[in-house]
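The values are calculated or read from the model by the stated rules, or taken from the named source; none is laboratory data. Keep in mind that what you see is a predicted model, and the values were worked out from it rather than measured. Glycine also receives a Cβ, built like all others from the backbone with ideal geometry; neighbour counts cover every protein chain displayed.
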Amino acid sequence: MNPFYLDLWQEELYDWERLKSKRIIDSLLKGIEMGDVFEPVFVWKIAHWDTNYCLDKEKIDPLHPEWRDGGHHRAFAHYLARKPLLVVVSKKFSHVPLGLFSIREIKFDDNVENPFSSCFGIPCLDIEGKLRKDQRYRQ
């Protein structure tokens, strides 16, 4: 499918991560402010509603295949900046999957530095390494 811009203030986007890293959000907001172009975020279209989408949690980051690229931080940063988010529909669903909540319900938490340091006691993602290797993030 072709990429298009999703207005997060007019349409509903569902997410499954409640905590967002302040460092990543800050760097993305700087990039948005400076006019950076970001990779599209893959989303699932929720059937029966014209304006409901959820983040695709199965998408692999093409630059770093060991990472999932759900687009959580990019989506939240674009929502905060009131800028449309570039998305691609990768799948269609008949309902909103359980455990998701609206991006409008995400609370920015200043105390979260690395929400991915462990998932169920297992190390998941090295945020510091991602910031060093991935040029999408501004320091």
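When residue 26 is evaluated against the numbered criteria (1) part of a loop (DSSP other than H, G, I, E, B); (2) more than 17 Å from residue 54 (Cβ to Cβ); (3) acidic (Asp, Glu), which criterion, by number, is the only one it fails?
(1)
Go through (1) touching a Leu at 6+ places or on another chain (Cβ under 6 Å); (2) closer than 27 Å to residue 2 by Cα; (3) modelled with pLDDT under 75; (4) among the β-branched types (Val, Ile, Thr) one by one and return the number of the condition residue 112 breaks.
The one condition residue 112 does not meet is (2).
Looking at segment 66-99, which of its residues are modelled with pLDDT under 70 and surrounded by 15 or more Cβ atoms within 10 Å (Cβ to Cβ)?
Within segment 66-99, 67, 68, 69, 96 meet the criteria.
Does segment 24-36 contain at least one residue that is out of contact with any helix residue (DSSP H, G or I) (no Cβ under 6 Å at 6 or more places or on another chain), crowded, with 17+ Cβ neighbours inside 10 Å and closer than 15 Å to residue 89 by Cβ?
Checked segment 24-36: no residue is out of contact with any helix residue (DSSP H, G or I) (no Cβ under 6 Å at 6 or more places or on another chain), crowded, with 17+ Cβ neighbours inside 10 Å and closer than 15 Å to residue 89 by Cβ.
How do the pairs read when you match residues in segment 82-100 that are under 15 Å from residue 52 (Cβ atoms) with residues anywhere that are at pLDDT 85 or above and among the basic types (Lys, Arg), using Cβ under 6 Å and keeping only pairs 6 or more apart or on different chains?
89/45; 92/45
If residue 63 satisfies all but one of (1) at pLDDT 85 or above; (2) more than 13 Å from the chain's Cα centre (by Cα); (3) not β-branched (Val, Ile, Thr), what's the number of the condition it fails?
Result: residue 63 passes all but (1).
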